[in-house]
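Here's the structure, in structure tokens; my notes come after.
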Amino acid sequence: HNGQGFRADEDFEPKRDNHVRIACVGGSTTYGTGVADNGETYPAQLERILNDPESSAETRYEALNLGVGGYTSLEVDALLAEEGLALNPDIVLIQCAINDVGPRLYDGFRCDYGHF
């Protein structure tokens, strides 16, 4: 993890002018649970694909891994508002799935997840 608490080898630097910054947020799928090498997470693979070395494009892409295992869409939204948007992303990819099912199975489900 970097000094900002996210899964990355280095801290996220200020966005560079010729870069398109993609904030990848979500739960364990985004984080890469079960993947030992940061370079094999989906955000890292996305960055490699977009920065095809055979391309002559001047624009470069950064895909930041802001995934946190177990996060629901409510927590992802809060993380994006509190930390993600401060990183100045041009694009936000949100990948939420099964984590949103668990809270709905509890008695007295409330949309604000206050019961969970």
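None of the figures in this text is laboratory data; all of them are computed from the coordinates on show. Since this is a predicted model, take the numbers as computed values, not measurements. Quick reminder, even Gly has a Cβ in these numbers, built from the backbone with ideal geometry, and neighbours come from all protein chains shown.
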Worksheet item: What fraction, in whole percent, of alpha-carbon pairs in the chain exceed 16 Å separation?
Response: 62
Worksheet item: What is the local net charge at G3, summed over the other residues whose Cβ is closer than 15 Å to its Cβ (Lys, Arg +1; Asp, Glu -1)?
Response: -4
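Full extension from A57 to Q4: what is 0.36 nm times the residue separation minus their Cα-Cα distance, to one decimal in nm?
Values: separation 53, 0.36 × 53 = 19.08 nm, distance 3.00 nm.
That pair, A57 and Q4, stretches by 16.1 nm at full extension.
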Worksheet, complete the sentence: Length-normalised contact order of the chain, Cα under 8 Å, at least 6 apart, in percent, tallies to 33
Practice prompt. Would you mind calculating the gained length between R110 and D11 on full extension (0.36 nm times residue separation, minus the Cα-Cα distance), in nm to one decimal?
Written response: 32.0 nm
